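The structure under discussion appears below in the form of structure tokens.
Laboratory data are not the source of any read-out in this text; all were calculated from the coordinates shown. As the structure is a prediction and not an experimental result, all values here were calculated from the model. Cβ sites come from the backbone with ideal geometry, for glycine too, and all protein chains shown count toward neighbours.
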Amino acid sequence: MITEENVRTALKNVLDPEIGISVIDLNMIKTVKITEKEINIEMVLTVPSCPMAAYMMEGVKAEIDLIAEGRSVHVKKLDEKWIPPWELEENKK
């Protein structure tokens, strides 16, 4: 059975090609919703006009297609501002 944790673990294999860090470690994956028929992933980009947006979104889809257990995979780009993980850590202090 696929879980959000499985999805997030798989997405550690998808790197931002300009930074070389995974979309998970960069805090780019905002939501993962799994139903019997679909896996819906919402993500943000490090910059709104990222030239690698389509490449990364396809990478996310391709990686999850490998574990989707027959579900269709949809990746949506959100228009919200990306918050680097190191800024999130600073706010917790």
Per DSSP H run of n ≥ 4, the term is -39500 (n - 2.57); total these for the chain, divide by its residue number, and report the mean residue ellipticity at 222 nm rounded to 500 deg cm²/dmol. -8500 deg cm²/dmol
Taking the Cα centre of the chain as origin, sum charge times position over the Cβ atoms of Lys and Arg (+1) and Asp and Glu (-1), and report the length of that vector in debye to the nearest 20. 140 debye
Which listed residue (27, 74, 52) has the Cα farthest towards the positive end of the charge dipole for the chain, taking +1 on Lys and Arg C-beta and -1 on Asp and Glu C-beta about the Cα centre? 74
Pairs of Lys in the chain closer than 25 Å at Cα, counting only those 8 or more apart or on different chains: 26
Quick check on the chain: of the DSSP beta bridges with both residues there, what percent are antiparallel, nearest 5%? 50 percent
From the convex hull of the Cα coordinates of the chain, what is the mean projected area in square nanometres? 6.1 nm²
